[in-house]
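Coordinate-derived values only; no laboratory data. Because the structure is a prediction, the values reported are computed rather than measured. All Cβ positions, glycine included, derive from the backbone under ideal geometry; neighbour counts span all protein chains shown.
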Amino acid sequence: MDVWLDLVTRFSRSCLTALGTLIGIAVLVSTLGLAKSASARITTRFDALAATEVVVRSPDEQVGTTEASSRASEPGPIPFDAAQRLAVIQGVASSSTYSHLKGVKEVRGTPVNDPTAASSRVEVVAASPQLLATVHGTVSGRFFDRFHDDRGEAVAVLGAEAAKQLNVSDVDRQPAIFLDGRSVVVIGILTSLGRKPELLHSVVVPDGLARGQYGLLAPEQVLVETRIGAADVVGAQVPYALRPDQPRSLEVVVPPTPTLTRDQVSADTNALFLVLGGISLLIGGLGIANVTLVSVLERVPEIGLRRALGARRGHVVGHFLMESTALGLLGAVAGTAVGVLTTVAVARLRGWPPAMDPWLPVLAPFLGAMIGLLSGIYPAVRAGRIEPIDALRAA
Amino acid sequence: MTRRFGELQVLQPTSLAIPGGGYVAITGSSGSGKSTLLHLLGLLDKPSTGTYRFDGQDIAELGDDERATLRGRSIGFVFQAFHLLAARTAAENVEFGMLYQGVPQRERRERATDALERVGLPHRDTALARTLSGGERQRVAIARALAADARMILADEPTGNLDSVSGEVVLGLFDDLHASGLTLVVVTHNPEVAARALSPYSMRDGVLAPQLDGDGAGMARGVR
């Protein structure tokens, strides 16, 4: 209480004194915080998409084809309702089945065989309606929905390049294309894609149609988009959601963790900043020691008064130790706040997820208090040695 | 007792008994040793030779901390320079005297209020010390000693920095305190101040002697 009053009455000086510790702690906290954030960062949009993509493959190469008649009675490892099953997993943003229909031999824009038309190399892909969301696609017209899927409607969505090759320019007049001679209505054209850019060259049909007309037995793979950072966790759960009976039968591809080189680079910068933070803490400590010493010399009459009023040497020493500790603590608390805010602000500017070890903002103020305490030892001992008579005479 | 600083014998062998409830004045010019005597009386210093008994307790037997505690509990100081904490209020300064006695905050506040009333400053309790006049400051200093429940008040040139009117107020307070049973020791080189005391002494070159050449006021009241 008494110490508090002293600090308040010397408010501006207290603030300036605490500034050194404030800067030091702020540098330390923000350096460690940014290091943590940077190691969790995702530098580009491509990275963001790659880091959130989990692919589940059926190891059996034959599953996606129509030539699996020998095992026709045996369903493939991935169920068609994969998207619904995975939707309940925490961290899954969206998911979709994805199969190449290798069995479709012929894709044409016209019903008759036009020998002048360039032979098209258009792939046919079967997927669930969630595909559009999973690949971050935009579509003119519309994508097929659950209704088309369930009913096995003969509809398709074309990639923009595939549409050019097939001479489909707009979907208003419900143009048809022909897959192995069977007509399919084009209801939309994919104009851009976040992932799976090869879909621009593909024809996408609903799973339902592929099952009914083109002999798809089971999806070849499942594309899963996870929330940032959830890929590993989701990847571990996906097989159990899809095939609780045979989770090991599925191959799960999760994105690689950030590379070592990047960590190496930031480790060097971190070391530099930590040294800078340490130096400013040292300077902050010296500042506190200096100001406390000045304050002791300036307050010699007051120390004499305290002694005359019954203060023991220990009281005087304790008083100045508490003052310097409080200065260190105040500086460090403010510094921690500044450091945390800096971390959040920089992380936000760079688009990194802000991250910080939880012990950091808790321990930093204690570090400041320790520095204050250590800085106060010499001035406080000096104050304790002052003889009351000398002190009172000094006035 | 004696007190020497190095080779310098500041206080020649001196014997002084101050009775409880006494009012002692010590006059003397600068360097006469009167402040040294006051510091000895106030437990701020230890005699080089001889013994000082405070309330029958030999001070030589007490350690630094014990002297500090005894000083805080029993002795109040009133200085020429007042020694208030300028940035705190009058009430806080009075409470400050009880800080090292472990008096609970609430009781400190009550005792401070009472003490300020005794010195005639009940309305100035929230004024910052630096805004008070000299006379008011000295009265706050006296209140600080009173609130701390001092039994002996040692005053070193209490009116030295005051105009005569304020000085008179302070001396009037001393008379009241004496009347209420407190022991007072006033060190001054102002003969008028010394004349108010019951037992005036004069000091010269470290030698203390009863003042016989006074104007008679002290004598009239009777030296013990």
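The angle between the Cα long axis of helix B:105-118 and the main principal axis of chain B comes to about 70°, on a 0 to 90 degree scale. Close amide H contacts of A:GLY137 (hydrogens built in the peptide plane, cut-off under 5 Å, sequence separation of 5 or more or a different chain): A:GLY194. Label region B:123-197 by shape, choosing from rounded, prolate and oblate, from the square roots a ≥ b ≥ c of the eigenvalues of the Cα gyration tensor; if a/c is under 1.5 it is rounded, and otherwise prolate applies when a/b is larger than b/c, oblate when it is not. Taking the square roots of the gyration eigenvalues as a ≥ b ≥ c, region B:123-197 is oblate.
Residue by residue along B:95-102, Cβ atoms of other protein chains within 10 Å of the local Cβ number 4 on average.
Taking only Cα atoms, what is the 0 to 90° angle, nearest 10, from helix B:134-147's long axis to the longest principal axis of chain B? Rounded to the nearest ten degrees, it is 90.
Among the chymotrypsin sites (Phe, Trp or Tyr not before Pro) within region B:9-116, not one is in coil by DSSP while having at most 10 neighbouring Cβ atoms inside 10 Å. Whole-Hz Karplus values for region A:213-226 come out as 9, 10, x, 6, 8, 7, x, 6, 8, 10, 8, 10, 9, 9 Hz, taken residue by residue from phi with 6.51 cos²θ - 1.76 cosθ + 1.60 and θ = phi - 60°; glycine and proline positions read x. From most to least packed by mean Cβ count within 10 Å, the peptides A:308-321, A:237-250 give A:308-321, A:237-250. Local charge for A:ALA231 was computed over the other residues whose Cβ lies under 11 Å away, with Lys and Arg +1 and Asp and Glu -1, and equals -2. Amide H contacts of B:ALA155 (H built 1.01 Å from N, in plane; Pro and chain starts excluded): B:VAL78, B:VAL185, B:VAL186, B:VAL187 sit under 5 Å, all sequence-distant by 5 or more or on other chains. What you get for chain A, charging only the Cβ of Lys and Arg (+1) and of Asp and Glu (-1), is a dipole of about 1500 debye around the Cα centre.
Against chain A, whose longest principal axis is taken from its Cα atoms, helix A:359-385 shows a tilt of about 10°. Using a cutoff of 8 angstrom between alpha carbon atoms and counting only pairs six or more residues apart, the relative contact order for region B:70-158 works out to 53 percent. Can you give the local net charge around A:ALA18? Use residues other than it whose beta-carbon is closer than 15 angstrom to its beta-carbon, Lys and Arg +1, Asp and Glu -1. Here the charged neighbours net out to 0. Annotation: aspartates and glutamates with alpha-carbon distance below 19 angstrom to B:LYS34 (same-chain offsets under eight excluded): A:GLU387, A:ASP390, B:GLU7, B:ASP45, B:ASP156, B:GLU157, B:GLU192, B:ASP205, B:ASP213.
Would you mind calculating the relative contact order of chain A from Cα pairs under 8 angstrom and at least 6 residues apart, reporting the percent as a whole number?
Contact order relative to length: 30 percent.
Karplus-derived 3J(HN,Hα) values for region B:89-96, using 6.51 cos²θ - 1.76 cosθ + 1.60 with θ = phi - 60°, are 6, 4, 4, 5, 5, 5, 5, 4 Hz; glycine and proline are entered as x. Between amide H atoms placed 1.01 Å from N, distances below 5 Å from A:VAL155 occur with A:VAL185, all of them 5 or more places distant or on a separate chain. When you restrict to C-alpha pairs under 8 Å that are six or more residues apart and normalise by the size of region A:144-267, the relative contact order lands at 25 percent.
What does the helix-only formula give at 222 nm for chain A: each DSSP H stretch with n ≥ 4 adding -39500 (n - 2.57), the total divided by the residues, and the result rounded to the nearest 500 deg cm²/dmol?
Mean residue ellipticity at 222 nm (helix-derived): -17000 deg cm²/dmol.
Of the residues B:ALA155, B:GLY102, B:LEU128, the one whose Cα sits farthest towards the positive end of the charge dipole of region B:95-174 is B:GLY102 (charges of +1 on Lys and Arg Cβ, -1 on Asp and Glu Cβ, taken about the Cα centre). Projecting the Cα atoms of A:ALA133, A:LEU193, A:VAL27 onto the charge dipole of the protein assembly as shown (Cβ charges, centred on the Cα centre) puts A:VAL27 farthest toward the positive pole.
For region B:168-184, 3J(HN,Hα) computed residue by residue from phi via the Karplus equation (6.51, -1.76, 1.60; θ = phi - 60°) reads 5, 4, 5, 5, x, 4, 4, 4, 4, 4, 4, 5, 8, x, 6, 8, 10 Hz, glycine and proline entered as x.
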